Amino acid sequence: MMQAIAASTALTPNLAPALELLAARKSFGAVAALRDARLHMLPGEVHALLGENGAGKSTIVKILAGVHAPDAGVLKVDGRAVSFKTPADARRAGIAVIYQEPTLFGALSITENIYMGRQLTDRFGRLQHRAMSAEVEKLLQRMGVSLDPARIVQGLSIADQQVVEIAKALSQQAHILIMDEPTAALSKLEVERLFAIVRRLREQGVALLFITHRLEEVFALTQRLTIMRDGAFVMTGLTAQMDAELIVRHMVGRDLGNYYPRPDTVPGAVALKVKGLSRRGVFKDISFEVRKGEIVALAGLVGAGRSEVARAIFGIDAADAGEVWINGLPLNLGHPGAAVDAGLALVPEDRRQQGLVMTASIARNATLTMIRRLSHCGFMRVADEMQTSAEWGKKLKLKAHDYGANVATLSGGNQQKVVLAKWLATGPSVLIIDEPTRGIDVGAKAEVYHTIAQLLEQGLAVLMISSELPEVLGMAHRVIVLNEGRIAAQLSRDQMNEETIMAAALGQEESVV
Amino acid sequence: MTMENILSLPVKPPQPAQSQRWLGWLLRHREASLSAVLLVIVLGTSLVHPNFLSAQSIKDIILNVSIIALLTVGLTVVMLMRHIDLSIGSTLGLSAFLVGDLFSRFPHVPVAAAIAIGVLIGLLAGAVNGLLVTWGRVPSLVATLSTLYIFRGIDYAWVGGREINATVLPENFAVLGSGSFLGLPYMAMIAFGLLLLLAYYLKNFRGGREFYAIGSNHEGARLAGINVAYREFSGFLLCGAIAGLAGVLWLARFGSVNASSGNGIELQVVAAAVVGSVSIAGGSGSVLGAALGALLLAVIASALVILHVSGFWQLAIQGALILLAITGDTLLSRMLARQTVRRNNHV
């Protein structure tokens, strides 16, 4: 029967689907993660799920895995409607999920990892160590990998950990296998080994959902694909009938709002110059310049190394090679203090974790970078804090009644302004801002954009890291696109559009300008 | 390249370096190194003072270590899940006094019933801790720190200024603390028996392995379909029950109990578990290692007394030992991790 399914491949339209998801919706608080998700998987096919960051792919995975329950919609496995309350329910229905980061038990052996939660026992409830170990040995042989079942998982490479995850799925007799960006952390050779295993499983009639940002993997491995955008289904089609351009257009095609000020300042002298910056295994040979009055956007997929480049420039992470100049003066890398003194400011991605002291007042947060300047013999005066922060609050149109109130009481947009105030107060000439509008509402976004535009007019140089393409297109003078730690393209304003940026971010060579 | 070819490609270098295998062995077999250290200390001390190995002194050490070892074994179960139970000293005190009080009011209570009541008190204390951690979602450090004070407070309120002394205890109960069979104290037999039972359970039963899984990867355990809250609750229940039993044994051994009995013992127990290579990060350790840790600390303490080392140095050496155990573990596993990463980068 296996052969029959394999021979018919995935493309027979009247083959009964292994899994169907219809009109699924899911909201987290006020945020709609999925508005209309659809998925149709056949036995014996590798099905790609594609979409930008935030398109809702991870939410679909979590629904199929039984981690989240959808607010509305139908999920069918083998034609029967199911509703999963726990991951164990999904597993019993024959669905196994391999997450981006393996969810293994480091201190336990491969065998124990594979059987955790459903170990073989004898009639006294005792574990049958030997039987399980023998089963795992057979399983690993079937997959064609040589790993010792008794080995502790801690210390295995990510690729081997994924092999363990797949073995776990197989031992559960899973016939639907979900793989969430399994290749993100693998070397070329490891990817090929994974593909070989995936193809072997497909021939055995398993339905596989494969999530990846690498289009060449989609073409190499999958038979059909489904594209999502902003939490909604866009299309499902045969991979063979698609090309990269078409896929990218479906992934990004949406209207641009016009609330971007699109600053028209004329760039002046070079303020930030980066040459040959490298950090082993993270990014390599990064060189670019940012001029006074210019916004340069650093675009790319999550994990392409954008934030890491910013951290290395600022000196939080060490760089293995490369040089940085600020206003023509070489910067002593690896010392954030020196970077601040040289006129560099970094507004981090994670406001709550890295940008603010959530338990302190607005005034205290806004003046945190000026402790030395504002203190008298080591003491801070509250009046000074209040006055300085009020000045900046007025400049940035901060909506706060009481600067002595806890910063956690502010909205996301206003919190972002406090972080901006904190860094602007140091009088920087270069501002690096990582995901400036993540998690803040549309109105507040526009205000943050106008604030940035204002700063440009005052001669600030801005390096903006952003995952939101409309934001990049609406704000930047130039965009640098990173792909897997390298500069894939540098696009000027008339060269950049959603397609060129996305294609470069996905590593499509021909579009590099 | 055909599929078979790709599958047979060595994705990793076949053999780990010699030094790494040696490190890995040391990490996995801490019981062996603990026993070796124990042997060296016992032999060294007895060379200087031959009566360190006298039957009486060995029996004293074993009696002293029994209660701590028992508590350590119970705490290990909780620590495996990356939790902590600081309230065991208070539970022990409460159980010891309540059972003693029971004897002073009803001298003819059967011994078995007294033990059962002690265990029941422990179960209750464990249930409170377990509910706070699983249902109340209070971090176990905070939850059991507060129950440490609460249980002790209940103890003080109940006891007032009273004191139980050995005269109210029936003969057949006191035997539990002082009697022995074929030279082996009953208390040691109870502790050792429970240790073996628990070791067998942790290794050979689904529930036992789930303690390890939860501490190793909490989210992963949930995804594997383990009922994490139930398992965590049962761990605190077990730890509490053992503390309750330890309270009964404490009463039998020392005879006199007041409101501050067992005060601060939880820190000795945590120290013993850590020295016995139970990881504070959860997921690894064994009850045998934990009991060896308790034994090692007890032997060192009495060796220092016999060698006339001043009290200050006794405490300092205990502290240094804990530090050594933790930093040693951290350094070893970090070296192991670094070597693994280096090998993977060569691929």
Revision key, fill the gap. For A:LEU221, the lone unmet condition from (1) surrounded by fewer than 18 Cβ atoms within 10 Å (Cβ to Cβ); (2) of a type outside the set (Val, Ile, Thr); (3) within 14 Å of chain B (Cβ to nearest Cβ); (4) within 18 Å of A:ALA48 (Cα to Cα) is (1)
Review point. Has region B:152-164 got at least one residue that is closer than 24 Å to B:THR72 by Cα, free of Cβ contacts under 8 Å to residues at least 40 places away in the same chain and surrounded by fewer than 19 Cβ atoms within 10 Å (Cβ to Cβ)?
Key: yes
Point to revise | Some residue of region A:319-342 being closer than 18 Å to A:ASP434 by Cβ, in a loop (DSSP other than H, G, I, E, B), assigned by TED's automatic domain parsing to the domain that holds A:PHE288 and under 25 Å from the mean Cα position of the chain (by Cα) | key: yes
Check your understanding: Can you find a residue in region A:218-235 that is without any contact (Cβ under 8 Å) to a residue 40 or more places away in the chain and either under 30 Å from A:LEU156 (Cα atoms) or in a helix (DSSP H, G or I) (or both)?
Key -> yes
Practice item. Find the residue count for region A:192-202, including only residues that are within 10 Å of chain B (Cβ to nearest Cβ) and either buried (at least 17 other Cβ atoms within 10 Å of the Cβ) or within 24 Å of the chain's Cα centre (by Cα) (or both). Key: 6
Point to revise | Any hit, region A:140-162, residues being among the acidic types (Asp, Glu), out of contact with any Phe, Trp or Tyr (no Cβ under 7 Å at 6 or more places or on another chain), modelled with pLDDT under 85 and outside any loop (DSSP other than H, G, I, E, B) | key: no
Exercise for review: Sort out which residues of region B:170-200 are outside any helix (DSSP H, G or I) and surrounded by 15 or more Cβ atoms within 10 Å (Cβ to Cβ), and write them in order of number.
Suggested key: B:SER180, B:PRO185
Review point. Within region A:241-250, is even one residue under 19 Å from A:VAL61 (Cβ atoms), surrounded by fewer than 19 Cβ atoms within 10 Å (Cβ to Cβ) and at pLDDT 90 or above?
Key: no
Practice item. Please state which one of A:GLY117, A:GLY106, A:GLY73 is more than 9 Å from chain B (Cβ to nearest Cβ) and either assigned to a loop (DSSP other than H, G, I, E, B) or surrounded by fewer than 23 Cβ atoms within 10 Å (Cβ to Cβ) (or both). Key: A:GLY73
Exercise for review: Might you let me know whether region A:423-437 holds any residue that is assigned by TED's automatic domain parsing to the domain that holds A:ARG291 and of a type in the set (D, E, K, R)?
Suggested key: yes
Check your understanding: For region B:87-98, does any single residue satisfy the condition of being modelled with pLDDT of 95 or more, outside any helix (DSSP H, G or I), on the phi < 0 side of the Ramachandran plot and surrounded by 16 or more Cβ atoms within 10 Å (Cβ to Cβ)?
Key -> yes
**Study point:** Subset of region A:129-162 that is within 11 Å of chain B (Cβ to nearest Cβ) and of a type in the set (Lys, Arg) - its residue that is farthest from the chain's Cα centre (by Cα)
**Key:** A:ARG142
Review point. Are any residues in region A:76-103 within 14 Å of chain B (Cβ to nearest Cβ), surrounded by fewer than 18 Cβ atoms within 10 Å (Cβ to Cβ) and hydroxyl-bearing (Ser, Thr, Tyr), and if so, which ones?
Key: A:THR86
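Considering B:PRO110, B:PRO139, which residue is free of Cβ contacts under 8 Å to residues at least 24 places away in the same chain and closer than 24 Å to B:GLY193 by Cβ?
Matching residue, one of B:PRO110, B:PRO139: B:PRO110.
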Review point. Is it true that A:VAL274 is within 19 Å of A:ALA504 (Cβ to Cβ), modelled with pLDDT under 90 and outside any loop (DSSP other than H, G, I, E, B)?
Key: no
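So, in region A:120-138, of the ones that are acidic (Asp, Glu) and farther than 27 Å from B:LEU197 by Cβ, which residue ends up surrounded by the most Cβ atoms within 10 Å (Cβ to Cβ)?
A:GLU135
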Exercise for review: Inspect region B:139-157 for any residue being outside any helix (DSSP H, G or I) and more than 23 Å from B:SER87 (Cβ to Cβ) and give the result as yes or no.
Suggested key: no
Practice item. Please state which one of B:ILE67, B:ILE84, B:ILE115, B:ILE121 is outside any helix (DSSP H, G or I), surrounded by 18 or more Cβ atoms within 10 Å (Cβ to Cβ) and touching a residue at least 12 places away in the same chain (Cβ under 8 Å). Key: B:ILE84
Study note, to complete from the structure: Of (1) without any contact (Cβ under 8 Å) to a residue 40 or more places away in the chain; (2) within 24 Å of B:GLU210 (Cβ to Cβ); (3) touching a helix residue (DSSP H, G or I) at 6+ places or on another chain (Cβ under 7 Å), A:ALA159 fails just (2)
Study note, to complete from the structure: Selection over region B:210-231 where residues are in contact with a Lys or Arg (Cβ under 8 Å, 6 or more places away or on another chain) and surrounded by fewer than 22 Cβ atoms within 10 Å (Cβ to Cβ) yields a count of 3
**Study point:** Which listed residue, of B:ALA271, B:ALA259, is away from every other protein chain (no Cβ under 14 Å) and either polar (S, T, N, Q) or assigned to a helix (DSSP H, G or I) (or both)
**Key:** B:ALA271
Check your understanding: Does region A:169-189 contain at least one residue that is surrounded by fewer than 22 Cβ atoms within 10 Å (Cβ to Cβ), in a loop (DSSP other than H, G, I, E, B), in contact with a helix residue (DSSP H, G or I) (Cβ under 8 Å, 6 or more places away or on another chain) and at the interface with chain B (Cβ under 8 Å from one of its Cβ atoms)?
Key -> yes
Exercise for review: Answer yes if at least one residue in region A:395-411 is in a helix (DSSP H, G or I) and either crowded, with 20+ Cβ neighbours inside 10 Å or of a type in the set (Val, Ile, Thr) (or both), and no otherwise.
Suggested key: yes
Check your understanding: Quick check, is A:ASN258 part of a loop (DSSP other than H, G, I, E, B), surrounded by fewer than 17 Cβ atoms within 10 Å (Cβ to Cβ) and at pLDDT 85 or above?
Key -> no
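The values are calculated or read from the model by the stated rules, or taken from the named source; none is laboratory data. Everything quoted here is computed from the prediction, not taken from an experiment. For neighbour counting, all protein chains shown are included, and Cβ atoms are generated from backbone atoms with ideal geometry for every residue, glycine included.
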